[in-house]
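To start, the structure under review is shown below, and the notes come after it.
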Amino acid sequence: MTTPPDCRLYLITPPALDDLAAFGRTLAETLDAGDVAALQIRLKGAPDEVIAAAVDVILPIAHSRDVAVILNDRPDLAAALKCDGVHVGQDDPPCREARRIMGKDAMIGVTCHDSRHLAMEAAEAGADYVAFGAFFPTTTKDAPTRAEPELLTIWQESMEVPCVAIGGITADNAEGLVAAGADFLAVSAGVWAHSEGPAAAVRALNAAIARGLAARAQAQA
């Protein structure tokens, strides 16, 4: 039996960061609480200077903890601000254009909703990961599709490009997505709005990931 691949946490910022200094302190505590692979800065509709100010605060905190920083939507701004990568949706610049702007070493992720076809197109275009969702109801963004965990299993069994599960994920519902085959869990409100605080959420999510991986390994035995 082969060892199943790890699944790791992929945080997404709150939709607005009104107090950057306070968020920086919270972020440091949150990242210190457990394993986090990446942090996506997602500030929809914010002016470039606001995004740049957020990157200035977030990047050193994340990098000092080996956490990659991904900017949402804007490969041009991600490249200018020296982010590690960019995440693009179906209405944003396509994957190949993002790669041209960001360079060969950047991390490019693509939203693929509930569609294996879109995900295969993204993989063929050189995406470093594809994101499926939403798996659960979410108030963080307007999710046009609902994905089923089976999609993660099928993708994991047939493709090598990692898959990210997104949409309404919390410590209470994460385990099944990990067991189904998610390589990463993208979480926003499930961390920042956790009743016991973001650090407690990261600890709980990492515990759920460990249980999910154990269940995945048992299923593959």
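Checking each residue in the stretch 1-30 for being of a type in the set (S, T, N, Q), over 18 Å from the mean Cα position of the chain (by Cα) and outside any helix (DSSP H, G or I) picks out 2, 3. Of 152, 205, 118, 177, all but one fail to be surrounded by fewer than 19 Cβ atoms within 10 Å (Cβ to Cβ), part of a helix (DSSP H, G or I) and touching a residue at least 24 places away in the same chain (Cβ under 8 Å); the exception is 118. Checking 145, 138, 170 one by one, the residue that is modelled with pLDDT under 95, under 16 Å from the mean Cα position of the chain (by Cα) and either of a type in the set (A, V, I, L, M) or closer than 21 Å to residue 42 by Cα (or both) is 138 and no other.
Scanning for something closer than 21 Å to residue 203 by Cβ, touching a Phe, Trp or Tyr at 6+ places or on another chain (Cβ under 7 Å) and among the hydrophobic types (A, V, I, L, M, F, W, C), does the stretch 67-76 turn up at least one residue? Full working, then the answer.
Our first condition is that a residue be closer than 21 Å to residue 203 by Cβ; within the stretch 67-76, this holds for 67-68.
Now narrow it down to the ones that are touching a Phe, Trp or Tyr at 6+ places or on another chain (Cβ under 7 Å): none.
No, there is no match, as no residue in the stretch 67-76 is closer than 21 Å to residue 203 by Cβ, touching a Phe, Trp or Tyr at 6+ places or on another chain (Cβ under 7 Å) and among the hydrophobic types (A, V, I, L, M, F, W, C).
Determine whether the stretch 64-77 contains at least one residue that is closer than 28 Å to residue 210 by Cα, touching a residue at least 24 places away in the same chain (Cβ under 8 Å), among the basic types (Lys, Arg) and not in a loop (DSSP other than H, G, I, E, B). For the stretch 64-77, residues closer than 28 Å to residue 210 by Cα, touching a residue at least 24 places away in the same chain (Cβ under 8 Å), among the basic types (Lys, Arg) and not in a loop (DSSP other than H, G, I, E, B): absent. The residues of the stretch 130-149 that are more than 16 Å from residue 174 (Cα to Cα) and outside any loop (DSSP other than H, G, I, E, B) amount to a single one, 130. The condition of being part of a helix (DSSP H, G or I) and small (Gly, Ala, Ser) holds for only one of 33, 127, 52, 46, that being 52.
Of everything in the stretch 65-83 that's of a type outside the set (A, V, I, L, M, F, W, C) and closer than 26 Å to residue 115 by Cα, which residue is surrounded by the most Cβ atoms within 10 Å (Cβ to Cβ)? Here the answer is 75.
The values are calculated or read from the model by the stated rules, or taken from the named source; none is laboratory data. Not measured: the values here are computed from a predicted model. Note that we place each Cβ from the backbone using ideal geometry, even for glycine, and neighbour counts take in every protein chain shown.
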